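Okay, structure first, notes after.
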Amino acid sequence: MAGAVAGGGALLSASLQVLFDRMASRDVLTVLQGQKLSATLLRELKMKLLAVKVVLNDAEAKQITNSDVKDWVDELKDAVYDAEDLLDDITTEALRCKMESDSQTQVRNIISGEGIMSRVEKITGILENLAKEKDFLGLKEGVGENWSKRWPTTSLVDKSGVYGRDGDKEEIVKYLLSHNASGNKISVIALVGMGGIGKTTLAKLVYNDWRVVEFFDLKAWVCVSNEFDLVRITKTILKAIDSGTSDHNDLNLLQHKLEERLTRKKFLLVLDDVWNEDYNDWDSLQTPFNVGLYGSKIVVTTRINKIAAVMHSVHTHHLAKLSSEDCWSLFAKHAFENGNSSPHPKLEEIGKEIVKKCDGLPLAAKTLGGALYSEVRVKEWENVLNSEMWDLPNNAVLPALILSYYYLPSHLKRCFAYCSIFPKDYQIEKDNLILLWMAEGFLQQSEKGKKTMEEVGDGYFYDLLSRSFFQKSGSHKSYFVMHDLINDLAQLISGKVCVQLNDGEMNEIPEKLRHLSYFRSEYDSFERFETLSEVNGLRTFLPLNLEVWSRDDKVSKNRYPSGSRLVVELHLSTRVWNDLLMKVQYLRVLSLCYYEIMDLSDSIGNLKHLRYLDLTYTPIKRHSRVKEMPSQMGQLKSLQKLSNYVVGKQSGTRVGELRGLSHIGGSLVIQELQNVVDAKDALEANLGGMRYLDELELEWGRDRGDELELEGNDDSGDELELEGNDDSGDELELEGNGDSGDEEGNDDSGDELELDGNDDSGDEEGNDDSSDELELEQNDDSGVEQNGADIVLNYLQPHSNLKRLTIHMYGGSRFPDWLGGPSILNMVSLRLWGCTNVSAFPPLGQLPSLKHLHIWRLQGIERVGAEFYGTDSSSTKPSFVSLKSLSFQDMRKWKEWLCLGGQGGEFPRLKELYIERCPKLIGALPNHLPLLTKLEIVQCEQLVAQLPRIPAIRVLTTRSCDISQWKELPPLLQDLEIQNSDSLESLLEEGMLRKLSKKLEFLLPEFFQCYHPFLEWLYISNDEDLTSFNLLYICGCPNLVSICCKNLKAACFQSLTLHDCPKLIFPIQGLPSSLTSLTITNCNKLTSQVELGLQGLHSLTSLKISDLPNLRSLDSLELQLLTSLQKLQICNCPKLQSLTEEQLPTNLYVLTIQNCPLLKDRCKFWTGEDWHHIAHIPHIVIDDQVLSSVMLHSGSDQHIFIRNPL
């Protein structure tokens, strides 16, 4: 593997090079001079390191199979870590001297009792021993294990041994047989995936497909592998299409010959296992291909996504893992004779557990299955199950995966190995991982490079993603996962340096432990971590979540996203974070996020190497219950990530101490700014010098913001906000649109829980401007504690690199000039929250990069006009040229929005506009919003205006608003929601809704007969027009008594759902014969004595009844009359005793019974009293137990096969 290793370099090589560069730095030499030490001391250390560096390639390759070499590499890693710790001490001291203007004579001894010289001598001694041992271990210079020595692939394929790739095959064949959509003569199709995923197998299937064989005139298969040899590849292609090709090596002659053979031919070329990323090499290879006919194709298989881009592929197909069923089939084919496992049920049980280890990787399933073929001893199968994949003999998986690792550049190897700190299936947040890499010193920034460290890390991450070391998470956009076997590989490479703490205490601590991760529990005691006191070199303390808890959306209009509140409080023993961890002197990464941390010890200043301190979602961040930060925070000169900083009162921690933390990057929240006594202290903080900061939140009195939050006016939909007027669509909102005035109501009467009210009634709970107690409390704070806030905010001007800014609860009367000025031209997101005393906006419209602007509770604003845009009506200069999302929320005094309508235009790129709870707003909205796709207007009772020109609108929502001036609905509208509108009838009368497609939500009280005049919620979905909608959904209507579908002008819907209507009386009159699906949930009036009214529903194919506590029998439903019924679900009916006295419909295909204990007994296989009524049903599911009954008739015999839980 010499070529591969040389291309990538050993893992330690990058670390050593960083060490050498640091040894020669001016800072290090200055400290050495200060302690009167000779520079030759470090030169000697460098020579010893160089002596072992020359054999690193060989050692890294051999450590996989040789435990002695593995121990040698671990010893060397430890020595390198010690050397890095020493240099960290030196450079940290140099930084302290520089920032505090110390003279060279004031340099302190690095560690009391042990100076630099003794530490260098100790490390040098270890390296000398390692240099001697390398000869005994047979480590050679410049060589490595030949992991890449593999037989070249061929195009032959055994189709019977391929599982789960039919869909992939058909997709690729479709592209091969299609015309070249790209316009190029030759189209490239790339098959990309991790090693062993089946790229070559898929290429073989496609290559040999009869349709492909007939479509192309010529075909050629080339196994490229790690060496991209132009002569060899060209010669192989020629031999495939012309057996008479001579065996010369002249590339010029070969390419001319190839061009001659391809002229006016439609050809297919497969380049298998490509590693080369050099565009020039590819360009040279493809030169002869251009003479082929249109429709010619090239298929490339590779592990590196970048190669697809280099080759200008028109389609990149990423292979997914096999399903568990297909993976088992592949395993069984190779593990059992004829693939039949039924004679060995115990081995089958163990085998299915083994298959889980394969995690959908075909090569692993095939390898493990083949290793167990003809082995019938249960113990041997259990050994394979309990062994690491790498420990198995003749393992083909290891060379396949480790090849990807060896081809990594050395700087990526460190980043990959560090990922072994994450458990299998863990959802890794990309941005946070990059910050961890930064803190560990893995990112290398070129001297002339203009990229920030975050941008460098981003490049590293996507390079690893391109090489299939990461996979995108299916459920979270910014999260990624590692394949289980890739995770195993990372742990194999990192060895004892990275440790994942499993449940329980740490009884055995590896001596060389540097990085620790563990899953949080509800209470993490001191005993769990007590043995960490024996670890001197710990660098990472990283608690993890069992599930993804989303961090704040950086551009959200919501003040507190739902992920920021946890149901369970998590506690970490005070002794751990205030005692044990404060003594770990080389700690670089310390995360305490999500713990109920109330304060931090002053001894945190001892962690002088700390670069990453995460206090996210602790009480420090959420409620500012921590009065101030430790007085020694300013000593953390190396800090690169600090989630939040609390300003102390009077003599407490000053905001000016941030001056010493100029390397902070990522996101920073500065809280309790009302405690700033002297505005000059804010100037001393020098936020303008924090050039690496991307996101900044400035908060005045966050605790008062939380108190107001109980009013419940955001969109997060968490438990506290069910009582308010948010947009989450939660249950209470569905119940609260009537006139009943009950406690759960959400009407305009000012219910008890809606403290802020949103009407103009002036009652006790209303929000009239003269008597709002909560607002007075807030303003009282701003009048007493926030004197000088204007000056403070002015002095807190950030660096121009800042991308996102939030200003929260600011009590000043005006915003500073820099907000809206040229100093924040790179601003992408701005959030102004709770700045109640400000009466005018800065010229935000002139910020060229601003994409997201969210404004909440600016109670002093009465008018939005020219100052907002930074221009006037005569100007040709456009405003808000990049803005995509704009929201105004809880603007109680806002009356007028002046739309200038200048020649330059307003909001030319705006896509989302939200105007919520602005009760005094009148007049018009911006007239022309050409790209707007979503508009929400909520509780703006006095806003009576026509819809603006919004030709691209897709989603339109209005609640408690006057829509009488709406003359026409936009033509492309897909989703319309109207609630609490007195003027809805005008829309119906004028027929505007008839052309609406997709989804429609609104209140239609006249459609139903109720004791109360208002139906709480109705959801109608239609594909064409209102006269033929297909779905009727009635949910959360506590007072709904009866439904008469005959009153509907268009009773032809196909699906009906009734949910949580406890007073609804059955039967339902007038159900349409077109109904195909019916769901009834939590409707207590449906009992065994009540008819459901299903007669005549000959089209009904699906019926679900659930959560019916009083239902004892289904006889009254007359299910046997539903001749088209195919699917019947019965769930959570605790008193249900029987199905029916007659056999269920013969067409019934699936019967599901969940949590019906009495019925379960009656439906037991063969012996149950109701079994004869259901025995004919092919698929029966009872409490997750799947019974698949297949009846085969042979004369009078009937055979029933039962397959138990899938």
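All of the numbers you see were taken from the coordinates with simple rules; none came from a lab. Note that the structure is predicted; figures quoted are calculated from it, not measured. Here the Cβ positions follow ideal geometry from the backbone for every residue, glycine too, while neighbour counts run over all protein chains shown.
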Quiz item: In nm, what is the difference between 0.36 nm times the number of residues separating His1172 and Lys265 and their Cα-Cα distance?
Solution: 319.9 nm
Quiz item: Can you work out ³J(HN,Hα) from phi for every residue in the stretch 151-168, in order, using Karplus 6.51 cos²θ - 1.76 cosθ + 1.60 and θ = phi - 60°, giving whole Hz and x for Gly and Pro?
Solution: 5, x, 6, 10, 8, 6, 8, 9, 4, 5, x, 10, 10, x, 10, 4, x, 4
Quiz prompt | Taking His799, His1176, His515 and counting other C-beta atoms within 10 Å, the order from fewest to most | solution = His1176, His799, His515
Practice problem: Subtract the Cα-Cα distance of Asn1110 and Glu170 from 0.36 nm times their separation in residues, and report this length gain in nm to one decimal. | Solution: 333.2 nm
Quiz item: What list of ³J(HN,Hα) values in whole Hz, one per residue of the stretch 324-337 in order, does the Karplus curve 6.51 cos²θ - 1.76 cosθ + 1.60 (θ = phi - 60°) give from phi, with Gly and Pro shown as x?
Solution: 4, 5, 5, 5, 5, 4, 5, 4, 5, 4, 8, 9, 10, 5
Quiz item: Could you name the lysines in cross-link range of Lys893, using Cα to Cα under 22 Å and dropping any fewer than eight places away on the same chain?
Solution: Lys557, Lys920
Practice problem: Normalising by the residue count of the stretch 408-493, find the relative contact order in percent from Cα pairs under 8 Å and 6+ residues apart. | Solution: 41 percent
Exercise. Among Thr302, Thr40, Thr153, Thr234, rank each residue by its count of other Cβ atoms within 10 Å, from fewest to most, as a rough exposure measure.
Key: Thr40, Thr153, Thr234, Thr302
Quiz item: What's the FRET efficiency of Asn129 with His179 using the Cβ-Cβ distance as r and R₀ = 51 Å, to the nearest 0.05?
Solution: 0.15
Quiz item: Based on the Cβ-Cβ distance from Arg575 to Arg26, what FRET efficiency comes out when R0 is 41 Å, to the nearest 0.05?
Solution: 0.50
Quiz item: Of Lys357/Lys477; Lys477/Lys1127; Lys306/Lys803; Lys472/Lys934; Lys239/Lys357, which ones are farther than 32 Å apart at the Cα?
Solution: Lys477/Lys1127; Lys239/Lys357
Quiz prompt | Rel. contact order, % - alpha carbon contacts under 8 angstrom, at least six apart, the stretch 159-318 | solution = 37 percent
Quiz item: Length gain on complete extension for the stretch Ser813 to Asp431, per 0.36 nm per residue less the alpha carbon to alpha carbon distance?
Solution: 133.9 nm
Practice problem: Can you pull the one-decimal nm distance between simple spin-label points at Lys122 and Lys450, each 7 Å off the Cα toward Cβ? | Solution: 4.6 nm
Exercise. Sum up the charges of everything whose Cβ sits under 10 Å from the Cβ of Ile197, counting Lys and Arg as +1 and Asp and Glu as -1, but leave Ile197 out.
Key: +3
Practice problem: Just name one of Asn432, Tyr479, Tyr460: the one whose Cα is farthest towards the positive end of the charge dipole of the stretch 408-493 (beta-carbon charges, Lys/Arg +1, Asp/Glu -1). | Solution: Tyr460
Exercise. Let me know the Rg and Dmax you get for the stretch 159-318 when you use only its Cα atoms, in Å.
Key: 14.9, 44
Self-check item: Förster-model FRET efficiency, 60 Å R0, Asn1155 and Glu508, C-beta, rounded to 0.05
Solution: 0.85
Exercise. Could you sort out which of Lys1063/Lys1085; Lys70/Lys424; Lys169/Lys265; Lys169/Lys297 sit more than 18 Å apart by Cα distance in this structure?
Key: Lys70/Lys424; Lys169/Lys265
Exercise. Find how many whole Å separate the alpha carbon centroid of the stretch 900-972 from the alpha carbon centroid of the stretch 151-178.
Key: 52 Å
Exercise. Among Gly196, His179, Asn280, pick out the residue whose Cα is farthest towards the positive end of the charge dipole of the stretch 159-318, where Lys and Arg carry +1 and Asp and Glu carry -1 on C-beta, about the Cα centre.
Key: His179
Self-check item: Residue exposure sequence - Trp700, Trp72, Trp897 - by fewest surrounding Cβ within 10 Å
Solution: Trp897, Trp72, Trp700
Exercise. Work out from phi, with θ = phi - 60° and the Karplus expression 6.51 cos²θ - 1.76 cosθ + 1.60, the ³J(HN,Hα) of each residue of the stretch 596-606, listed in order in whole Hz, and give x for Gly and Pro.
Key: 7, 8, 9, 7, 10, 6, 4, 6, 4, x, 6
Quiz item: Where the only charges are on Cβ atoms (+1 Lys, Arg; -1 Asp, Glu), what is the dipole of the stretch 159-318 about its Cα centre, to the nearest 20 debye?
Solution: 460 debye
Quiz prompt | Label-point separation in nm, Asn801 to Lys346, each point 7 Å along Cα→Cβ | solution = 6.5 nm
